[in-house]
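The values are calculated or read from the model by the stated rules, or taken from the named source; none is laboratory data. Predicted model, so just to flag it, every value in this text is computed and none were measured. Every residue, glycine among them, receives a Cβ derived from its backbone with ideal geometry; neighbour counts consider all protein chains shown. Keep in mind that these areas ignore ligands, DNA and RNA; they rest on the heavy atoms of the full protein, side chains included. Shrake-Rupley method; radii C 1.70, N 1.55, O 1.52, S 1.80 Å.
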Amino acid sequence: MTPLTTGIGPHRLEPMFNRFAQLASPGSLGFIGFGLAIFLSTISSNAASAQDKANKSTGSASRSSAADAELARLRADTIEKMKQTRAGTEKLLALHEDEVKKLTAEYRQRQELYNQGLISRAELNQTERARAAAMIRMDEDKRWIAETDIAITEASMRDVLVGLPAMAPGGYSESGTLIRFNGTASWSLADAAKIEKFFSQAFGHVLPITAFGQTPTHDRLRFDHRNAMDVALHPDSNEGRSLLSYLRQAGVPFIAFRSAVPGAATGAHIHIGNPSLRAVAGADSQGVCCKR
């Protein structure tokens with residue numbers, strides 16, 4: 001058994017007891033007994049103190065381990081729910097895509113009829129509005145699937161990121177799944193407008209931001225995403241490479257995910273800001289992951 005304390009070793013017991021004996025006058029057994037009582041009390045007190053510290057240390061470690069295990073379980077449960085909902089959304093997307101195809105064909109037919117004067121403008125507009133609404137539903141499905149893939153990728157790669165060595169300020173590293181840059185600029189979401197302006201001027205369309213700051217999905221995963229944003233661009237695409245180059249020149253920190261699975265594009269994106277590894281206290285991780 002491991003000793004509770006190393007404060008009083010066996011080699012010190014006899015000298016300590018002899019010191020009590022030297023203080024007593026000949027025949028003063030009462031004083032010796034009193035000294036022995038103090039001596040034994042000291043040993044008992046030290047042992048109790050060590051046991052108390054050991055119990056506190058063990059209890060603290062046990063609580064920390066239990067909390068980590070519970071957090072990991074909640075995240076795994078949330079990811080599983082997200083995957084299930086994503087599968088349902090894919091089926092819904094297929095239906096909406098078919099709807100868009102049918103309404104597009106119907107709109108073209110009615111446009112011909114309108115051009116021939118066989119139907120009114122109101123009838124043509126009715127089909128056009130229905131087609132536009134179907135396209136919005138289809139685009140929402142695609143956007144939600146992309147957001148879910150990105151969230152699942154970050155959650156799946158969390159342990160990998162935690163295990164990576166610390167990076168020096170201004171450091172850069174690249175692997176088959178990740179590109180990291182520890183920028184030294186004082187980054188905040190208030191600077192996002194500069195990045196959006198650069199991108200729109202360079203490519204003629206808006207930056208495809210899927211998550212700006214903290215979102216319900218990050219709450220469920222217990223990720224601190226309050227000062228970060230995710231961009232749905234593959235880091236190896238032309239637009240992705242241009243954005244990463246701009247961020248490095250500006251000193252903005254980022255993590256670019258090629259994907260959680262080498263060779264697969266699913267979930268590939270650029271996370272602008274520091275890693276979202278720290279847990280957010282009080283987040284509702286028990287919430288059911290559902291389509292927004």
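Filtered by the rule that a residue be under 23 Å from GLY88 (Cα atoms) and in contact with a strand residue (DSSP E or B) (Cβ under 6 Å, 6 or more places away or on another chain), region 147-177 gives GLU147, ILE150, THR153. Restricting attention to region 76-85, the residues that are surrounded by 18 or more Cβ atoms within 10 Å (Cβ to Cβ) and touching a Lys or Arg at 6+ places or on another chain (Cβ under 9 Å) total 2. Within region 179-201, the set of residues being surrounded by fewer than 14 Cβ atoms within 10 Å (Cβ to Cβ), more than 17 Å from ALA228 (Cβ to Cβ) and touching a residue at least 40 places away in the same chain (Cβ under 8 Å) is empty.
If you go through region 77-87 one residue at a time, how many are closer than 11 Å to ILE145 by Cα and either without any contact (Cβ under 8 Å) to a residue 12 or more places away in the chain or not in a helix (DSSP H, G or I) (or both)?
Final tally of qualifying residues: 1.
Of the numbered criteria (1) buried (at least 16 other Cβ atoms within 10 Å of the Cβ); (2) among the hydroxyl-bearing types (Ser, Thr, Tyr); (3) farther than 30 Å from LEU95 by Cβ, the one THR127 fails is (3). Cβ separations smaller than 7 Å between residues 6+ apart or across chains give no pair from region 152-173 residues that are in a strand (DSSP E or B) to residues that are at pLDDT below 90 and open to solvent by 60 Å² or more (accessible area, probe 1.4 Å).
If the condition is being among the basic types (Lys, Arg) and in contact with a helix residue (DSSP H, G or I) (Cβ under 7 Å, 6 or more places away or on another chain), then region 217-232 contributes ARG220, ARG222. Within region 102-117, residues that are among the hydrophobic types (A, V, I, L, M, F, W, C) sit with their Cβ atoms under 6 Å from residues that are open to solvent by less than 60 Å² (accessible area, probe 1.4 Å), at 6+ positions apart or across chains, in these pairs: LEU103/ALA130; LEU103/ALA134; LEU113/ILE119. A residue that is assigned to a loop (DSSP other than H, G, I, E, B) and open to solvent by less than 50 Å² (accessible area, probe 1.4 Å) cannot be found anywhere in region 241-248. Scanning region 202-227 for residues that are open to solvent by 30 Å² or more (accessible area, probe 1.4 Å), among the small types (Gly, Ala, Ser) and outside any helix (DSSP H, G or I) turns up just one, GLY204. Checking region 132-149 against the condition returns no match, with no residue being farther than 26 Å from ALA232 by Cα, open to solvent by less than 30 Å² (accessible area, probe 1.4 Å) and not aliphatic (A, V, I, L, M).
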